[in-house]
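Coordinate-derived values only; no laboratory data. As the structure is a prediction and not an experimental result, all values here were calculated from the model. When we count neighbours, we look across all protein chains shown, and the Cβ atoms used for this are built from the backbone with ideal geometry, even at glycine.
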Amino acid sequence: SAVISQKPSRDICQRGTSLTIQCQVDSQVTMMFWYRQQPGQSLTLIATANQGSEATYESGFVIDKFPISRPNLTFSTLTVSNMSPEDSSIYLCSVSRTVPYEQYFGPGTRLTVT
Amino acid sequence: ELKVEQNPLFLSMQEGKNYTIYCNYSTTSDRLYWYRQDPGKSLESLFVLLSNGAVKQEGRLMASLDTKARLSTLHITAAVHDLSATYFCAVDRKSGGSNYKLTFGKGTLLTVNP
């Protein structure tokens, strides 16, 4: 398995500001992902965080709004920029290894934008 | 575009009863996952199903996969209150290069009543 920590665990932010969420894994992993889970909804993939190169974003998500860094194989950050109330969600970091194809999720960051 | 449909979305059952949650997906997949999410918590991996005919069991939960029908089932045997949670299925598919990504169903909110 993998032990994943996220910081902060929750935050309340003002409209128009930015928040950076950190994801730390206890061992090197191939793939790191960022998901959004809006209240009462399922999970939507925002992007795949690629080590040493730009993140790969899913349809509907852009780098200017959700810049991502991945400086090494155990750490990634997601920034939610110029926030609006619609950005209020849980943001989850996820990691996977090729074998045995497990994908693990961090505890999540609960963001409320006022 | 890969679509993942779960049903039912809401399931209220009595302790001791059996029930099945269904997960259909629209295109060929490499792997299928089942996760559990308790309120306010992250996702806990339950099963990873890798091939046609795969069956896995853990306690009162059993998952199976029929890749020809593009169908997975999560069967609950003799439900107990502790199984109350939201259950998600997710399908893993190669998205380009060596990248894979998960597409989630909407989740099934299971409530087990005494």
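For the peptide A:51-62, the mean number of other protein chain Cβ atoms found within 10 angstrom of a residue's Cβ is 1. Each peptide in B:68-79, A:41-52 gets a packing score, the mean of other Cβ atoms within 10 Å over its residues, and the list from highest to lowest is A:41-52, B:68-79.
Within 10 Å of the Cβ of each residue in A:101-109, the mean number of Cβ atoms contributed by other protein chains is 5. Compute all pairwise cysteine Cβ distances in chain A, then list the cysteines with no distance under 4.7 Å to another cysteine. That list is A:C13.
When you have a sec, figure out the Kirkwood radius of chain A from all distinct Cα pair distances and drop it here in Å to one decimal? Write out the running numbers ahead of the final one.
Details: mean 1/r = 0.0714 Å⁻¹.
Evaluated over chain A, this radius sits at 14.0 Å.
If you take all other residues with their beta carbon under 10 Å from the beta carbon of A:T44, and give Lys and Arg +1 and Asp and Glu -1, the sum is 0. For the protein assembly as shown, a simple Cβ point-charge model (Lys and Arg +1, Asp and Glu -1, everything else neutral) yields a dipole of about 120 debye relative to the Cα centre. With Cα atoms as the point set, the radius of gyration and Dmax of chain B evaluate to 13.9, 49 Å. Using only side-chain charges placed at the Cβ, +1 for Lys and Arg and -1 for Asp and Glu, the dipole size of chain B relative to its Cα centre rounds to 280 debye. In this Cβ point-charge picture (+1 for Lys and Arg, -1 for Asp and Glu), chain A has a dipole of about 180 debye about its Cα centre. Along the axis of the charge dipole computed for the protein assembly as shown (Cβ charges of +1 for Lys and Arg, -1 for Asp and Glu, origin at the Cα centre), the listed residues A:P39, A:C13, B:T73 are led at the positive end by B:T73.
Could you compute how fast the protein assembly as shown diffuses translationally, taking Rh as the Kirkwood radius over C-alpha pairs and applying Stokes-Einstein at 10 °C with viscosity 1.306 mPa s? Give it in µm² per second.
Values: Rh = 18.2 Å.
In µm²/s, the coefficient rounds to 87.
Database remark: amide H of B:E15 closer than 5 angstrom to the amide H of B:N113 (H placed geometrically; neighbours at sequence offset of 5 or more, or on other chains; Pro and chain starts carry no H).
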